[in-house]
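Notes follow the structure.
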Amino acid sequence: MVKLVHNVQKKQHRERAQPSERRKLGLLEKKKDYKLRAKDRHAKEAYLKLLREKAKNRNPDEYYHAMVNRTTNEDGIMLEKEEEPALTEEEIYLVKTQNATYVSAMRNRDLGKIRRMKQALSYGSEGKHTVFVDNETELETFDPVKFFKTDARLINQRENRLKVDQLLDGDLKNYDQVFDKTKVDSDAEKLKQLKLLKSHMDRAKKLQELHNEIVISKELTKEGEKEKLIGSDGKPYYKWKTQRKR
């Protein structure tokens, strides 16, 4: 015979809460809280036991790289490396100022190298030399070699076009170099110098960007209300609120 069970709502046995007179002590710990706390404690005990076994079985002659920078006291306990004290705002500002000065000096040095290399490569002039004549007959019979009184090999060399009298002068030095458009001996050497020039120009550009970043970060340490904005090139810039000067 089937046992009849009344489908009646059974009473729920709840764990009691903290009594009102003990409310100042906090929440009353339940069984689930105790289980979590006990599980965490046992895990820590097992880890400490494992560490003790490793320390017991460690080879005293074992070498590791931390021995180079660490020292031990009289009891053989290893001393931790002392951390450097944090810099104050004034010290940070001074360091950034020195960094900006150094970067600016390096950039000026590269700009000097760029200027000297451009002079050594003897970049040709980009302008034009226009000669005016009186009529079409003179235009048809115009001879630039006779007009400029120079050699035919120098007619296209506007920036260094010597006259025949200067070429025939016995005191003229490096006569063979007069007919060279550049002071570089070969095309390979010229290409090498151009690559070196480009590297210096790229370095100067990067140093300028780095100098700007250092200056901006130094200005951000100052007091004042400011707003961060994004420019059309995607780079952030800052705008300070105008303050009235006393």
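Computed from the coordinates by the stated procedures, all read-outs in this text should not be read as laboratory data. Given the structure is predicted, the values throughout are model-derived calculations rather than measurements. Using ideal geometry, Cβ is built from the backbone for each residue, glycine included, and neighbour counts are taken over all protein chains shown.
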Contour minus Cα-Cα span, Met117 to Leu50, at 0.36 nm per residue, comes to 17.4 nm
Compute the FRET efficiency between Lys245 and Leu28 as 1/(1 + (r/R0)^6), taking r as their Cβ-Cβ distance and R0 = 51 Å, and round to the nearest 0.05.
0.20
List the lysines whose Cα lies under 25 Å from the Cα of Lys10, skipping any in the same chain that are fewer than 8 positions away.
Lys30, Lys31, Lys32
How far is it, in nm, from the label point at Lys205 to the one at Leu79 when both lie 7 Å from their Cα along the line to the Cβ?
5.2
Can you give me the distance in nm between label points at Ala38 and Asn59, each placed 7 Å from the Cα along the Cα-to-Cβ direction?
4.3
